[in-house]
1. Which residue fluctuates the most in chain A, going by a Gaussian network model with Cα springs under 10 Å, if the choices are A:GLY356, A:GLY11, A:GLY321?
2. Express in nm, to one decimal, how much length is gained between A:THR22 and A:TYR74 on full extension, taking 0.36 nm for each residue of separation and deducting their alpha carbon distance.
3. Starting from the Cα gyration tensor of region B:10-56, multiply each eigenvalue by 5, take the square root, and state the resulting semi-axes largest first in whole Å.
4. What is the gain in length, in nm to one decimal, between B:VAL119 and B:ARG22 on full extension, counting 0.36 nm per residue of separation less the C-alpha to C-alpha distance?
5. Dividing the convex hull volume of the alpha carbon atoms of region A:350-396 by its residue count, what do you get in Å³ per residue?
6. Treat each spin label as a single point 7 Å out from the Cα along the C-beta direction, and report the A:ALA58 to A:ARG37 distance in nm.
7. Rounded to whole Hz and in sequence order, give me ³J(HN,Hα) for region A:369-382 from the Karplus expression 6.51 cos²θ - 1.76 cosθ + 1.60, θ = phi - 60°, writing x for Gly and Pro.
8. For region B:57-133, what is the Kirkwood estimate of the hydrodynamic radius, computed as the reciprocal of the mean inverse distance between distinct Cα atoms, to one decimal in Å?
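What follows draws every value from the coordinates through simple rules; no lab data is involved. It should be emphasised that the depicted structure is a prediction, and the values quoted were computed from it without experimental measurement. For neighbour counting, all protein chains shown are included, and Cβ atoms are generated from backbone atoms with ideal geometry for every residue, glycine included.
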Amino acid sequence: MSLTGKAAIVGCAQYRPEKYATAPQMFHLEQIADLARLALIDAGLTLRDIDGLAVNGAHFNEATAFVPAVVAEYLGLQVGFAETVDLGGTSAVAMAWRAAAAIQLGLCRAVLCVLPGRLAPPDPDADPAAVAAAMQLGAHSGCFGAPEAEFDLPYGHVGQNTGYAMIAQQYAHRYGYDAAAMAGIAVAQRSNAQANPEALFYGQPISVEDVLNSKMVADPLHILEIVMPVAGGAAFIVAADDLARECRHRPVLIRGCGEQLDFKSPSYARDMTVTPIARAAQRAFLMAGMQPADMDMAQIYDCYTITVLLSLEDAGFCAKGEGMAFVRDHDLTWRGDFPLNTHGGQLSFGQAGTAGGMSQLIEAVTQIRGTAGERQLRRHDTAFVSGTGGVMSEQGALILTGA
Amino acid sequence: MNALIPRPTDITRPFWEGLRERRIMIPRCQACGGWVFYPRRHCTHCAAQDLAWTEVSGRATLCTFTIARVPTLPGFAGAEPQNLAVVTFNEGFNMNTALTGVAPDAMRIGMSLRPVFDVLDAAGHTRLLFTAD
């Protein structure tokens, strides 16, 4: 069974990325209500049109269970499809195809997909030390009986930086490494951000030398190759094609999808240089009946420069081991021959938690609609969008086309 | 440096108790011969629930590494840089660990390693580090 373009992305909303210290604090429920309202206005739909819901399952601030029911009630919705998605940075990609599949099955006609990314007002009765300790572990579990609590934390293996760095080191050992080419990914995306006033690093271009001279966090990753966590949040609406045609903008059809989870820690991968996007992208292209060469743009999840490099190779945009040459040989900016992360990527747009991965999807929609302003691509009918969660643990791919 | 003390479970306790005795005990499947790390009660190769704790030498090679120049947890502040490593045992399974007694610029993927039993506290909690062989 395939997604046959029966569902389209018709509305989007995204908070401008901001530093946590200065961003408004809002309950997740309030962020969802606000983002839903903005996405409905963008689509030209009303709350009554929404009959499906996809929200974050992990780290939901006001509920640890029954999250969709809590959210639907708060919004004033009754839905025929309710889903929590707990796939980290590929949650947005995962929501899109789940929504499209539910619509194709006839379960619903319009699905709100939403990921809050601002901090909630602090619980006045919470123990600040416990809150700080939980924040330190990030995506790791410190729970009794959690394998990573027992077999990672005692050695200092925690968080994403060192995991991605170790993948990069293994890649360098196998295929070689060009630090300047890797820095070039961050530089091209920063260049794109100069045409996006919403980006966190708008007005702050960088050079390859800036990247190579920036602080080494975990070899070989410099701090300018590592995404900055920010406050934000985003939502989009997927609708049945007949409803989509009544909306305000050019519908963006979901034509292909794939998803692959291979491990939590890449230490246990059979080969950590072959990433899950390989299978996910292969399925997505097959389903859409398209090839990497058919894509007018690539919006590739970019928590780190190495994530982009491996995704380009494993999704089939270049051969394995040739990623360094590929990024050297192409202009990756919106002006160039291989437009990549035209909003600046999360490296320059900012990463609002799991909503960061929604920035890639929303940029693809914006470009396909033709409303990207200064950075608008001349050819903008097809897009490859990827998501990545954990440490290359779980990845998803979408093929989007303009109606 | 104040590493987090591992909290053994009923499933994993023989591994940690083994380290206290300077022995490396790993579950091995009696049905298919596969090694299972981290410890579980089922074989991740064939799903049999027929594992036996089996001693290994700890000889290994460096699979990959990074030099963490920013402390990864507050307990590691003052111990930077951290030589974080993934090692591949001669038996074929991987383990997250750290290297000790190896200069950061001397770490090479593929280098031969031997185990170091690192006692963490007066109670004798022990973790498994590695060094150049």
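1. Taking springs between Cα atoms under 10 Å, the residue moving most is A:GLY321.
2. Stretched out fully, the A:THR22 to A:TYR74 stretch lengthens by 16.1 nm.
3. After scaling each eigenvalue by five and taking roots: 19, 10, 7 Å.
4. Full-extension gain reported as 33.9 nm.
5. Dividing the Cα hull volume of region A:350-396 by its residues yields 84 Å³.
6. Each label point is offset 7 Å from its Cα along the Cβ direction, giving 3.0 nm.
7. 5, x, 10, 8, x, 3, 8, 4, 6, 6, 9, 8, 9, 9
8. Result for region B:57-133 stands at 12.9 Å.
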